[in-house]
1. Would you point out which residue out of SER55, SER29 is among the polar types (S, T, N, Q), crowded, with 17+ Cβ neighbours inside 10 Å, farther than 18 Å from ARG5 by Cβ and in contact with a Leu (Cβ under 9 Å, 6 or more places away or on another chain)?
2. Every residue in region 1-50 that is farther than 16 Å from ASN61 by Cβ, small (Gly, Ala, Ser) and part of a helix (DSSP H, G or I), please.
3. Check whether at least one residue in region 17-24 is free of Cβ contacts under 8 Å to residues at least 40 places away in the same chain and of a type in the set (Lys, Arg), and report yes or no.
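Derivation of every value follows stated rules applied to the coordinates shown; laboratory data play no part. It should be emphasised that the depicted structure is a prediction, and the values quoted were computed from it without experimental measurement. A quick note on method: Cβ atoms are made from the backbone with ideal geometry, for glycine too, and the neighbour counts reach across all protein chains shown.
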Amino acid sequence: MDMRRLVGRNVLRIRKSKDMTQEELAEISGFSQQYISGLEKGQRNPTVVTIYELSVALNVNYIELLKPDAQAKREAQ
């Protein structure tokens, strides 16, 4: 399981469920919109601190960004 892609998909899913743009998430989190974009594409390798800061900005428990989604479960099989 590629954790970069998993975290990226989870950030994207949660951000969209909150009707939030990348720009809005960037403003709240302090990360750039370019960083958020790369993260959601699985091109960034977020640190534990980054995951925590994003979870605060998205108002979710940090575990939500690390939970395997349906696609990750299929990839693991």
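1. The match here is SER29.
2. GLY8, ALA26, SER37, GLY38
3. Within region 17-24, not a single residue is free of Cβ contacts under 8 Å to residues at least 40 places away in the same chain and of a type in the set (Lys, Arg).
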